[in-house]
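Novice: I have a structure here, written as structure tokens, and I will follow up with some questions on it.
The values are calculated or read from the model by the stated rules, or taken from the named source; none is laboratory data. Computed from a predicted structure; not experimentally measured. Cβ sites come from the backbone with ideal geometry, for glycine too, and all protein chains shown count toward neighbours.
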Amino acid sequence: MNVVTGNRFRSLVVLTGAGVSAESGLGTFRDKDGLWTQYDLNDVATPEGFMRNPALVHAFYNARRRNLLDAVPNAAHLALAELERQWPGDFLLVTQNVDDLHERAGSRDLLHMHGELRKIRCENCGDIVAWEADLDQATDCARCRVGGYLRPHVVWFGEMPLYMERVYAALEGCDLFLSIGTSGLVYPAAGFVAEVRRAGRAHTVELNLEASDGHSLFAERLYGPATEIVPAYVARLLGLQPQAS
Ligand code: APR
């Protein structure tokens, strides 16, 4: 295992996936009894599925939104917020997760590339608003007053992820890339490590419960529950960084 020793990194990009929220009680997608073993993603996570049966899609996201209200950030979320607070250089956290546990743990410079479960969007006027309650297709948009066009502000399969320009610019310029709690099976996020390697200047680290699909592309790999390996790695990383004077 390559151990980071004494390097002063300046520009850090962290990618997270469902595994970072697993120990907060939020289901992952592809683990044993994960969400995609309980639902067909074509029915609940595609625009076609929403057109076919909006009530099923609303029920799926309403249940996840209610579940999220009971969840709390875990030690991995808290460690990443601390890493950001103490980081002496550029820091960006890109999450595939639609939960708000990173924010609630204190993360600030954070991009939700797959959208946010606690927001909804009007497909008629584009308005995006915070939303805690259940949603159904009869609800009118508060801005354009038209009904039947409100949907979860979540990126479905076949739709463009958000903030990609900012993400690729950060990947291009980083000298440390951490990938945490993701299976590395869904693009474009699964391709981020290859982007970083192409730029040729960063140390790449995978922190996951088990080897991801792209594990061989990482220079360093740490396996175990996120609530154990993420705080330990953050402590080691911050211990190596000469503190900003
Ligand atoms: N600690 C660390 N890693 C964990 C833990 C844990 N406690 N539990 C599970 N994992 C790892 C699994 O080993 C797996 O590699 O988290 C990963 C979860 O993989 P997925 O369920 O595929 O979730 P993710 O990679 O985030 O999926 C990417 O796919 O369905 C779409 O939009 C959805 O954002 C999601 C995207």
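Novice: For residues in segment 81-91 being of a type outside the set (Gly, Ala, Ser) and in contact with a helix residue (DSSP H, G or I) (Cβ under 7 Å, 6 or more places away or on another chain), which is surrounded by the fewest Cβ atoms within 10 Å (Cβ to Cβ)? Before the answer, list the steps.
Specialist: So in segment 81-91, the residues of a type outside the set (Gly, Ala, Ser) come out as 82-88, 90-91.
If we keep only those that are in contact with a helix residue (DSSP H, G or I) (Cβ under 7 Å, 6 or more places away or on another chain) too, we end up with 82-83, 86, 91.
Values: Glu82: 17, Leu83: 23, Gln86: 14, Phe91: 22.
Selected residue: Gln86.
Novice: Please verify whether Val196 is within 16 Å of the ligand (Cβ to nearest atom) and surrounded by 15 or more Cβ atoms within 10 Å (Cβ to Cβ), treating the condition exactly as stated. Talk me through it step by step, then tell me what you get.
Specialist: Numbers: within 16 Å of the ligand (Cβ to nearest atom): no; surrounded by 15 or more Cβ atoms within 10 Å (Cβ to Cβ): yes.
Taking the combined requirement at face value, the residue does not satisfy it.
Novice: Which residues, taken from segment 159-212, are of a type in the set (Lys, Arg) and modelled with pLDDT under 95?
Specialist: Within segment 159-212, just Arg201 meets the criteria.
Novice: Same structure again: Test Glu132 against the stated conditions and say whether it is in contact (Cβ under 8 Å) with a residue 60 or more places away in the chain, surrounded by fewer than 14 Cβ atoms within 10 Å (Cβ to Cβ), in contact with a helix residue (DSSP H, G or I) (Cβ under 9 Å, 6 or more places away or on another chain) and within 20 Å of Trp36 (Cβ to Cβ). Let's see the steps before the verdict.
Specialist: Details: in contact (Cβ under 8 Å) with a residue 60 or more places away in the chain: yes; surrounded by fewer than 14 Cβ atoms within 10 Å (Cβ to Cβ): yes; in contact with a helix residue (DSSP H, G or I) (Cβ under 9 Å, 6 or more places away or on another chain): yes; within 20 Å of Trp36 (Cβ to Cβ): no.
Criteria not met by Glu132.
Novice: I'd like the full set of residues that are out of contact with any strand residue (DSSP E or B) (no Cβ under 7 Å at 6 or more places or on another chain) and in a loop (DSSP other than H, G, I, E, B), limited to segment 152-173. Show your work before the answer.
Specialist: Quick first cut of segment 152-173, residues out of contact with any strand residue (DSSP E or B) (no Cβ under 7 Å at 6 or more places or on another chain) only: 156-161, 164-165, 168-169, 172.
Hits for segment 152-173 are Trp156, Phe157, Gly158, Glu159, Met160, Pro161.
Novice: Within segment 76-111, can you find the residues that are assigned to a strand (DSSP E or B), away from the ligand (no atom under 15 Å from the Cβ) and either within 13 Å of the chain's Cα centre (by Cα) or at pLDDT below 95 (or both)?
Specialist: As a first pass, look at segment 76-111 and keep what is assigned to a strand (DSSP E or B): 90-95, 110-111.
Applying the additional criterion that residues be away from the ligand (no atom under 15 Å from the Cβ) yields 90-92.
Of everything in segment 76-111, just one residue is assigned to a strand (DSSP E or B), away from the ligand (no atom under 15 Å from the Cβ) and either within 13 Å of the chain's Cα centre (by Cα) or at pLDDT below 95 (or both), namely Leu92.
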